[in-house]
Amino acid sequence: MQRLYRSSRDKMISGVCGGLGEYFGIDPTLLRLAWAALALFSFGTFLVLYVIAAVIIPYEGSRP
């Protein structure tokens, strides 16, 4: 069973988009662009969701 982790290899800020890209098999750059666009057009809602995801999603290599 595959688990969702923040990436330690493919990260720009905290590894959330890198981890989501690995989990879903999507290029993390596309996720970063989409997340940035959504953050702008949602008046910061997706920025808050990114911070929440960075806190909730465990770091790759941490114990389950």
* To do: Subtract the Cα-Cα distance of Tyr23 and Phe43 from 0.36 nm times their separation in residues, and report this length gain in nm to one decimal.
  => 4.5 nm
* Structure fact -> Binned at 10 Å from zero, the C-alpha pair distances of the chain give percents of 24, 54, 21, 2
* Distance in nm between label sites at Tyr59 and Arg9, each 7 Å beyond Cα in the beta-carbon direction? -> 1.8
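Read-outs: derived from the displayed coordinates by stated rules, not from any lab. Keep in mind that this is a model prediction, so the values were computed, not measured. So basically every Cβ, Gly included, is an ideal-geometry build from the backbone, and we count neighbours across all protein chains shown.
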